Amino acid sequence: MSKNLVIVESPAKAKTIKKYLGKDYEVMASYGHVRDLVPKDGAVDTARGFEMKYQLIARNEKHVRAIIAELKRSDALFLATDPDREGEAIAWHLTEVLKEKGALKDKPVKRVVFYEITPREVAQAIAHPREVSADLVNAQQARRALDYLVGFNLSPLLWRKVSPGLSAGRVQSPALRLICEREEEIRAFKPQEYWTLDARGEKDEHAPGAPAAPEARRFTARLLEYDGRKVEQFTLGDAGSAQAAQAAIERAAAGALLVTKVEKKQRKRTPGPPFTTSTLQQDANRKLGFTASRTMRTAQQLYEGVEIDGQAVGLITYMRTDSVSLAQDALAEIREVIARRYGQQALPESPRFYRAKSKNAQEAHEAIRPTAAARAPEQVARHLTPDQARLYDLIWKRTVACQMNPAVFDTVAAELRAGAPHAFRATGQTLVEPGFLAAYGVAADDDAESHEDDEKRLPPLAEGERIRLLELLPEQHFTQPPPRYTEASLVKTLEEYDIGRPSTYASIISTLQAREYVLLDGKAFVPTDVGMIVNRFLTEHFTRYVDYEFTAKLEDELDAISRGEEEWVPLLARFWSEFKPTVDSKMELSRSEVSEARQIGVDPASGKPVTARLGRYGPFVQIGTKDDADKPRFASLRANQRIDTITLAQAMDLFKLPRKLGQTPDGAEVEVNIGRFGPYARFGSQFVSLKKDDDPYTIELPRVLELIEGKQAALEAATIRLFEGTGIRIVKGRFGPYITDGKRKARIPRTRDPASLSVFECEAFLAEAEAAAPKAGKKKTAARSAKAAKPEGAAPAAAPARKAAVKKTAAKAPAAKRVARAKKA
């Protein structure tokens, strides 16, 4: 009988900790959250003090049962879930579930936390337990309630007013706003022309200190002054002004530039602080190409432990943190590693201490670091997956680098004049002491572009020296729009605006992609038409709730609850009292007001307006209106087209479908079109889907004939039996065998062997399927009509039992009689 039961969140973590605690402890996993809000309206009861209704998560019921069974054999319960708000909530929820089921029976319940999974830390945590923190639990409940109230009220509004399956979120929507506003900036941007003028010079080979190699004597300088005035970005605004400046400077220089000033300095670049959750996500995206979710998933594996030489070892500290602090014993070990690996010259006299930029940072926690700095990346790489090895290497290098000396550069800046009124500036620098760069390189919060010229060298220059002017190099440029957000820059901006928390950034980004609000173009986020329309709807009608300052203030209040400075129910009450009336006032908005059509132009043939808008099934263009005598014509936008940017010519091209391409060798007409399930070709009464790379607007007849031949070959290969002269065949399909005559299809009952069917039985099944299909269609149409005609609040139709009875009677009609009738015919 085990004396103590320890609960953690994941089986990997349980496996590691079990080896540290020994036989007196049984370690089990809760597999994450054990319960959540009931997934329906009223889960947060706003009329009863925001009472929250929970239920067990179905997939975790068996794990709860296993925990209860083990608890019966244990004397004490230790809750060792993650050391954050979510972990605290899991511990509380599990305690509540065990109380409800009568499983605790006055057994002591202790909360333990550790920030690294090592024998010393785990033993220390077990020796110093505490109570579950009510403040942290309340903060998590408030956060969950807010997310529910926003999601369960805004999402259905989006379904009705924009398109089914959409969602809005308290933090997700401001993040979408950032991406959409950047896209609008890019679209509104007007490039402006400007020119630069560089001078290419060469030091005289006979001058003192001149390098022997010609390339080492040559360098480039940028125009600094023109006609006695400082050169700004748009001083040379076009080719004419650039050419005029070039001619004037060439005349004044007469083939040489005079060195009038030389400044030499030493510059230091300091290392960045150790990783927080946010900076780890940024650097892993920029250096490794990892998404935020991939980074967090891999970091979780390193934290929970990997098998090294037969023992589970936690390699890094807890990965959800906003602290940049390091423990004293960790600092001592890191300094030993630096001295041994990089030499004493790389080690500062005393440890470096950093302060977090985030105002809500919890400095009692530690930054993300290796649990043992002596465990170098190359020593553990063979035990890790490629992703784990790369991320551990990044974390190890950043941690070691943060305690190293600065990198030291010698910089030189020289001013060179072409006559009195014109001046150029040349700069160069060389790395003298690599310092932390020996371990890490450029940090996530550094400007990478500013380090491009780390080793740009100039030849030795002296004031009064004349430099040969080889040529002047005018170059045209255009101003660039602001760049789209990448995962790294979006995470950085979310943190700067104090929107959400670093631990939620991965799920925010995943949700935006899952809802197809944004797409990735390379590494950059591009909002879709749906994303732009949802953002426009929310910013126009729910301005306050996608406001960056409001969202940040709400986060501050949630943090205040976690510190015990505020109560959570009054916060919810204040939020709901303003939010609910806003939602109610928007219920009467029409779909056209939300998804306003964009007027593109006029159809040259009919003179009717051409518009683009978002429908229930995606963006489309339309010729005419619903008020016209003729029915409007519709065409879906192609994958690379946008409502905001499609032109009239592009829109009219969409109406070229269906395209008639010719005939098959046996005379069947061939045409291509786009249907509900994608682009296809029709030949006679049969169809074949186009492949991914086939464009219905450009595909030609030979390619379609090739697809038809391929389909027919596949059909022949899948044919179980062909009845010659009838066109009827039995085919092996994806979901089981079926019967077809090229026009009709019928499923074969599971009780029948396909090979045993006769042609008469096959005909009977086809006839039955054909007879049933129109009835089903009429029934659906009638049901829809009845539903539309039924007044709101009318009582439901009676006699459902009779309907069921009719269905049952029809189902009992014996198949043998139907076959007999077919044979007789």
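Provide a single number: the residues in segment 562-600 that are of a type outside the set (A, V, I, L, M, F, W, C) and within 24 Å of Gly531 (Cα to Cα). Before you say what the answer is, go through the steps one by one.
First, pick out the residues of segment 562-600 that are of a type outside the set (A, V, I, L, M, F, W, C): 562-567, 570, 574, 577-578, 580-582, 584-586, 588, 590-593, 595-596, 598-599.
Next, from what is left, pick out any that are within 24 Å of Gly531 (Cα to Cα): 580, 582, 584-586, 588, 590-593, 595-596, 598-599.
Residues meeting the conditions: 14.
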Candidates Thr399, Thr371, filtered to the one that is under 30 Å from Ser562 (Cα atoms) and in contact with a Gly (Cβ under 6 Å, 6 or more places away or on another chain)
Thr371
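Report yes if Lys287 is of a type outside the set (Asp, Glu), touching a Gly at 6+ places or on another chain (Cβ under 9 Å) and closer than 20 Å to Ala389 by Cβ, otherwise no.
On the way: of a type outside the set (Asp, Glu): yes; touching a Gly at 6+ places or on another chain (Cβ under 9 Å): yes; closer than 20 Å to Ala389 by Cβ: yes.
Yes: the conditions hold for Lys287.
Look at Gln233 and say whether it is touching a Pro at 6+ places or on another chain (Cβ under 9 Å), closer than 14 Å to Pro474 by Cα and among the polar types (S, T, N, Q). Can you show your working first?
Values: touching a Pro at 6+ places or on another chain (Cβ under 9 Å): no; closer than 14 Å to Pro474 by Cα: yes; among the polar types (S, T, N, Q): yes.
So Gln233 does not fit the description; no.
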Selection from segment 142-187 of residues that are farther than 22 Å from Ala488 by Cβ and not in a helix (DSSP H, G or I):
Val162, Ser163, Pro164, Gly165, Leu166, Ser167, Ala168, Arg170
Limited to segment 545-562, what total is found for residues that are closer than 21 Å to Glu185 by Cα and in contact (Cβ under 8 Å) with a residue 24 or more places away in the chain?
3
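Name the one entry in Glu555, Glu566, Glu540 that is surrounded by fewer than 22 Cβ atoms within 10 Å (Cβ to Cβ), acidic (Asp, Glu) and not in a helix (DSSP H, G or I). It would help to see each step written out before you state the result.
Numbers: Glu555 fails: not in a helix (DSSP H, G or I); Glu540 fails: not in a helix (DSSP H, G or I).
Only one candidate qualifies: Glu566.
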Pair list, Cβ under 7 Å, 6 or more apart: segment 275-286 residue among the basic types (Lys, Arg), other residue assigned to a helix (DSSP H, G or I)
Arg286/Ala488
Tally of residues being within 30 Å of the chain's Cα centre (by Cα) and more than 21 Å from Pro502 (Cα to Cα) across segment 364-379
2
Kindly check whether there is at least one residue in segment 119-136 that is part of a loop (DSSP other than H, G, I, E, B) and within 34 Å of the chain's Cα centre (by Cα).
yes
Among (1) closer than 18 Å to Phe677 by Cα; (2) open to solvent by 50 Å² or more (accessible area, probe 1.4 Å); (3) hydrophobic (A, V, I, L, M, F, W, C), there is one condition Ala649 misses while meeting the rest; what is its number?
(1)
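If you scan segment 197-234, which residues turn out to be among the β-branched types (Val, Ile, Thr) and either open to solvent by 80 Å² or more (accessible area, probe 1.4 Å) or not in a loop (DSSP other than H, G, I, E, B) (or both)?
Initially, segment 197-234 is screened for residues among the β-branched types (Val, Ile, Thr), giving 220, 231.
The answer is Thr220, and nothing else.
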Quick check: anything in segment 653-669 aromatic (Phe, Trp, Tyr) and within 30 Å of the chain's Cα centre (by Cα)?
no
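Looking only at segment 717-736, count every residue that is open to solvent by 50 Å² or more (accessible area, probe 1.4 Å) and either assigned to a strand (DSSP E or B) or closer than 11 Å to Leu766 by Cβ (or both) and tell me the total. Break it down stepwise before answering.
From segment 717-736, those open to solvent by 50 Å² or more (accessible area, probe 1.4 Å) are 717, 720-722, 724-726, 732, 734-735; that's our starting set.
So of that shortlist, the ones also either assigned to a strand (DSSP E or B) or closer than 11 Å to Leu766 by Cβ (or both) come out as 720-722, 726, 732.
Going through segment 717-736 one residue at a time, the tally reaches 5.
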So Val526 fits all but one of (1) out of contact with any Gly (no Cβ under 8 Å at 6 or more places or on another chain); (2) open to solvent by 60 Å² or more (accessible area, probe 1.4 Å); (3) under 22 Å from Glu184 (Cα atoms); (4) not in a helix (DSSP H, G or I); what number is the exception?
(2)
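Suppose we filter Ala524, Ala514, Ala488 for residues that are touching a strand residue (DSSP E or B) at 6+ places or on another chain (Cβ under 7 Å) and small (Gly, Ala, Ser); which single one remains?
Numbers: Ala514 fails: touching a strand residue (DSSP E or B) at 6+ places or on another chain (Cβ under 7 Å); Ala488 fails: touching a strand residue (DSSP E or B) at 6+ places or on another chain (Cβ under 7 Å).
None of the others qualify; the one that does is Ala524.
The values are calculated or read from the model by the stated rules, or taken from the named source; none is laboratory data. This is a predicted model, so every value here is computed, not measured. Please note: Cβ atoms are built from the backbone with ideal geometry, for glycine as well, and neighbour counts cover all protein chains shown. Just so you know, the surface numbers come from the protein's heavy atoms only, side chains and all, with ligands and any DNA or RNA stripped out. Shrake-Rupley method; radii C 1.70, N 1.55, O 1.52, S 1.80 Å.
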